[in-house]
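Notes follow the structure.
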Amino acid sequence: MGHDHATVRVGVLGCGNVSSRYLANLAGQPEVTVVACADAEPARARALAAAHGVPEVPSVDDLLAHPGVDLVLNLTPPRAHAETTLRALAGGKHVYTEKPLATSMADARRIVETADARSLRVGTAPDTFLGAGARACAALVTEGRIGTPVSVNAAMMNAGPERFHPEPEFLYQAGAGPLFDIGPYYLTVLTALMGPVARVGALGATARPERVVLTGPRAGTTFGVETLTHVNSVLEFADGALGLLVTSFDVTATRTPHLEIHGTEGTIVAAQANSWGGPVLVRTTGDAEFTEVLPEPTASDGFMGMGLVDLARSILTGRPAQATAARGFHVLEVLTAIADSARDGGRFVRIESTLTAPDGQRPAATVGPGSA
Ligand SMILES: NC(=O)c1ccc[n+]([C@@H]2O[C@H](COP(=O)([O-])OP(=O)(O)OC[C@H]3O[C@@H](n4cnc5c(N)ncnc54)[C@H](O)[C@@H]3O)[C@@H](O)[C@H]2O)c1
């Protein structure tokens, strides 16, 4: 689809915790220009606009119908993603949404179908798979350095987001929890490296029915937990490789590696999938030690929002985007199937969607440096 401007004009919807990080990262990117921001709580939009020089602060309805906005950057909480993304599409806007794409497969399907019907683009976070760390892993796999990949071990385990988020309640509601909040990072990186998932099984648990806000003005407030807070899952990839994925907000401390990829000829140790950088290490048959392929993270590895910049470039040039709704759709189906399996005592669930090129291809560098 053609585009009349040299930059994609972005309207930010949702001006909460993560929004200032996006605004700071997008400031130096010529492909995007933030022209407006809105929030259901207008004071938040005004504060964000004042801090980052955003010219307009319309109402939510006006932002979604704004003739000067080409793309809505959806930074609302997960439970609001589908409704707001569909309203933005109805207003003729492209959308880039924070993860997950939606909280149900029915909503995700509606989003993909609506975007297709209107020839609009939808992209979704996470975009860490576009960072230097995942790209280094992808290059090692593509070059055959570890032979044929046969298994992956992935774990993201911590003591929960109430340690840093001043309003963490939504992260313990349906559509969030560790599986849906941090699982998208791992499944996006894993499927980018290993291809689509064919089957999953899982067990889950909730260690505590209540949690406590630990930071900000509401510190000390108790709230109820509506989700599983520890999920152990087994994945079977379409090409036969096997995976283990643990997501947890019930772990005080860990020394488990975040992500390892084991092949017939070697092993890759990758960084956390919610990071854009390294370290990345490889050791192949006959090596006495691991070799560092990429050092600790640096500012040039990538940044939160590079998926949006990649999408904007694709709108401007017509070439395929990488952090696509199709990728997010497959990841959401896997997440949903893991949750269903865990609720159903571990019954294995088949995944219907798949990933084909260009939507599922291994990540490539297309976006310039920024800060994470
Ligand atoms: N906080 C982080 O560190 C972080 C990191 C990565 C990704 N994310 C993702 O970013 C998204 C937002 O997270 P957050 O932490 O900024 O949440 P938040 O609750 O701090 O902010 C969300 C904002 O959206 C507004 N909002 C809610 N419903 C709305 C609606 N229907 N229309 C307009 N505005 C609405 C709220 O008033 C609030 O200001 C989530 O999808 C989350 O998964 C957050």
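The values are calculated or read from the model by the stated rules, or taken from the named source; none is laboratory data. Note that this is a predicted model, so its numbers are computed, not measured. Note that each Cβ is placed from the backbone with ideal geometry, even for glycine, and that neighbours are counted across all protein chains shown. The accessibility values were calculated without ligands, DNA or RNA, using every heavy atom of the protein model including side chains. Shrake-Rupley method; radii C 1.70, N 1.55, O 1.52, S 1.80 Å.
Please report, in Å, the Rg and the Dmax of segment 167-293, where both are computed over Cα atoms only.
Spelled out, the Cα radius of gyration and Dmax of segment 167-293 are 17.3, 55 Å.
Determine the shape class of segment 40-140: with a ≥ b ≥ c the square roots of the Cα gyration tensor eigenvalues, call it rounded for a/c under 1.5, and otherwise prolate if a/b is greater than b/c, oblate otherwise. Numbers along the way, then the final one.
On the way: a/c = 1.93, a/b = 1.28, b/c = 1.51.
The shape class here is oblate.
Would you mind giving the three semi-axes, in whole Å and largest first, of the ellipsoid equivalent to the chain according to its Cα gyration tensor?
So the equivalent ellipsoid measures 31, 25, 20 Å along its semi-axes.
Under a point-charge model restricted to the Cβ atoms of Lys and Arg (+1) and Asp and Glu (-1), what is the dipole moment magnitude of segment 57-181 relative to its Cα centre, in debye to the nearest 20?
On the way: 11 positive and 14 negative charges, 75 e Å.
Approximately 360 debye in magnitude.
So for segment 1-102: antiparallel DSSP bridges make up what percent, rounded to the nearest 5? Don't skip to the answer; put the middle values down first.
On the way: 0 of 15 bridges.
Beta bridges within segment 1-102, antiparallel portion: roughly 0 percent.
If we count GluC sites (Glu not before Pro) as exposed when they sit in a DSSP loop and have at most 16 other beta carbons within 10 Å, what is the longest stretch of the chain that avoids them all?
Working: sites that count: E143, E226, E265, E289, E352.
My reading of the result: 1-142 is the longest stretch.
How many angstrom lie between the C-alpha centres of segment 109-135 and segment 170-199?
Each part's Cα centre sits 14 Å from the other's.
Hey, got a sec? Which chymotrypsin sites (Phe, Trp or Tyr not before Pro) in segment 89-191 land in a DSSP loop and have at most 12 other Cβ atoms within 10 Å? Kindly include the intermediate steps, with their values, before the conclusion.
Numbers: sites: Y96, F129, F164, F170, Y172, F180, Y185, Y186; in loops: F164.
Sparse-neighbourhood loop chymotrypsin sites (Phe, Trp or Tyr not before Pro): F164.
Can you say what percent of the DSSP beta bridges in the chain, counting only those with both residues inside, are antiparallel? Round to 5.
For the chain, the DSSP antiparallel bridge percentage is about 60.
Given the -39500 (n - 2.57) contribution per DSSP H run of 4+ residues, what per-residue ellipticity at 222 nm results for the chain, rounded to the nearest 500 deg cm²/dmol? Please list the in-between numbers first.
On the way: 10 runs with 109 residues, N = 372.
So the calculated ellipticity at 222 nm is -9000 deg cm²/dmol.
Give the ranking of M157, M304 by solvent-accessible surface, highest area first, calculated with a 1.4 Å probe.
Working: M157 40, M304 10 Å².
The ranking, largest first, comes out as M157, M304.
If you line up the Cα atoms of segment 280-372 on their principal axes, what length do they span on each, largest first, in Å?
The Cα atoms of segment 280-372 stretch 48, 43, 24 Å along the principal axes, largest first.
Which chymotrypsin sites (Phe, Trp or Tyr not before Pro) in segment 275-372 sit in a loop by DSSP (not H, G, I, E or B) and have at most 14 other Cβ atoms within 10 Å of their own Cβ?
Values: sites: W276, F290, F303, F329, F348; in loops: W276, F290, F303, F348.
Counting only loop positions with at most 14 other Cβ atoms within 10 Å, the chymotrypsin sites (Phe, Trp or Tyr not before Pro) in segment 275-372 are F348.
Could you tell me what percent of the accessible area of segment 55-197 is made up of carbon and sulfur, with a 1.4 Å probe and every protein chain present? Kindly include the intermediate steps, with their values, before the conclusion.
Details: 2350 of 4520 Å².
For segment 55-197, the apolar C and S fraction of the accessible surface comes to 52 percent.
Based on Cβ point charges of +1 for Lys and Arg and -1 for Asp and Glu, what charge dipole magnitude is obtained for segment 133-296 about its Cα centre, in debye rounded to the nearest 20?
Numbers: 9 positive and 16 negative charges, 35 e Å.
In total the dipole reaches around 180 debye.
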